[in-house]
Amino acid sequence: NITYRANVLSPVKGISLDIFVNSITKMGLIGYIKEDDSDTIEDSPFIIIVPKEYFVDDTFDKYSVNDELRVTIEASRIKYMAKNIQIVAKPI
């Protein structure tokens, strides 16, 4: 007999998340979620991309690395043998 425990994360369109900005590119923000305070992007189960075109009124420029941002999931992709789920999100 084997007993195991798992946390299953399945991103669905419309769910809101609090993410932390890891980097800022010409295309938009790259973020991740933290399960613990010491987590980094390497530990995150999600890699979240927030395209620059989803920001209104030039609010994109006010964010910097390590800022917290609330987003809504628009789409997700799971690549075979990947350690992370890629998500496209829109800021709230």
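The values are calculated or read from the model by the stated rules, or taken from the named source; none is laboratory data. These figures come from a predicted structure and were not determined experimentally. Here Cβ is always computed from backbone atoms with ideal geometry, including for glycine, and neighbour counts include all displayed protein chains. Heads up: the accessible areas ignore ligands, DNA and RNA and are worked out on the full protein's heavy atoms, side chains in. Shrake-Rupley method; radii C 1.70, N 1.55, O 1.52, S 1.80 Å.
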Within the stretch 1-39, residues among the polar types (S, T, N, Q), modelled with pLDDT of 90 or more and farther than 19 Å from Ala89 by Cα come out as Asn1, Thr3
I need a count of the residues in the stretch 57-82 that are among the basic types (Lys, Arg) and touching a residue at least 12 places away in the same chain (Cβ under 8 Å). 1
I need the full set of residues from the stretch 59-79 which are outside any strand (DSSP E or B), at pLDDT 90 or above and open to solvent by less than 100 Å² (accessible area, probe 1.4 Å), in order please. Tyr63, Ser64, Val65, Asp67
Restricting to the stretch 1-48, what's the tally of residues that are outside any loop (DSSP other than H, G, I, E, B) and free of Cβ contacts under 8 Å to residues at least 60 places away in the same chain? 14
Among the residues of the stretch 13-25, is any in contact with a Ser or Thr (Cβ under 8 Å, 6 or more places away or on another chain) and loosely packed, with under 10 Cβ neighbours inside 10 Å? yes
Quick one: which residue in Ile92, Ile87 is surrounded by 14 or more Cβ atoms within 10 Å (Cβ to Cβ), under 17 Å from Asp18 (Cα atoms) and either out of contact with any Leu (no Cβ under 6 Å at 6 or more places or on another chain) or of a type in the set (Val, Ile, Thr) (or both)? Ile87
